[in-house]
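The values are calculated or read from the model by the stated rules, or taken from the named source; none is laboratory data. Because the structure is a prediction, the values reported are computed rather than measured. Virtual Cβ from ideal backbone geometry, glycine too; neighbours counted across all protein chains shown.
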Amino acid sequence: MRTRAWFALSCAGVIALAASGCAGRRGASASAGGEVQTSQERSAQALDKAADAQKEAAEQAERAAEARQEVQQRQAELQEAQQRLTEAQQKAEQEHQKAQQLQLQANQQTQAATKTATQAQQDATAALEQRGTAMQQGQQQLQGSVSEASGNNLVVRSETGEEMRFRVTPQTQVQIDGRQGSVAEIRPGADARVAYQVGGIEPEALRVDVLTGAPPTGGAGQGSGSTGGTGTSGTTTPPPESPPPSMPPSTPPESGGSGTYRP
């Protein structure tokens, strides 16, 4: 009886031990499966995060490329603006130099015009003084073109078309283009201004100023040669003097009529 009871107890112990071992293995398997699932979930999450990071990195790289492209575009625009600025500065400098040159030319022209006006005023003043002196001395003046010049006679056609004959004496001063000359050198058609005084049969020419517009080629004087009975020299004359001032309007003769003078 005791033997059977011990055997039964032994069997019961073995059965209990086997049951407990199976239960432990089942718990261990369940625990390992949970850890694997958890690891898999964590791996999936890590993969998702990595994918998101790669996506964000790609987007960041795209934004960086766009930023570089924009920087290059801005640099190109800046270079173009600098080039336009340089061209504008060069053009402004050229315009400034041109303005300075024009201003210099304008100043020179103004100075020349002022000098010309001053000289003209001085000439006019001198002519008026000369005319006033001549009038005080009982002299008159006639301006026109030479119609005839020979011997001791000089005929001048006035601006109104009237002709007047003058008597030339040894005391008559003859100036041709600013140099001393003679009646024999006067050619018809030349502009002349005659200062004269009334007396005798014909008015006496006191001074004759002739403008031919041509440079002088020789002087009048005494020499071995003769032309038409009047002696002219072949010697060289001294440099011509400055031309006389412009002729003022002539004083009309005080004779009673027009044309050739009548005493």
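Numbers for the structure displayed
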{"item": "Among (1) of a type in the set (Gly, Ala, Ser); (2) closer than 28 Å to Ser182 by Cβ; (3) at pLDDT below 85 - the single one Gly132 does not satisfy", "result": "(2)"}
{"item": "Test: residue in segment 135-153 that is closer than 30 Å to Pro203 by Cα, of a type outside the set (Lys, Arg) and in a helix (DSSP H, G or I)", "result": "yes"}
{"item": "Pairs where the first residue, in segment 195-220, is under 21 Å from Glu129 (Cα atoms) and of a type in the set (A, V, I, L, M) and the second is exposed (fewer than 15 other Cβ atoms within 10 Å of the Cβ) and at pLDDT 75 or above, C-beta under 8 Å, 6+ apart", "result": "Ala205/Thr169; Leu206/Gln171; Leu206/Gln173; Leu206/Gln197; Val208/Gln173"}
{"item": "Neighbours by Cβ (under 8 Å, 6+ apart or cross-chain): first from segment 159-184, of a type in the set (S, T, N, Q); second part of a loop (DSSP other than H, G, I, E, B)", "result": "Thr160/Ser258; Thr169/Asn152; Gln175/Gly181; Gln175/Pro244; Gln180/Gly219; Gln180/Ala220; Ser182/Ala220; Ser182/Thr232"}
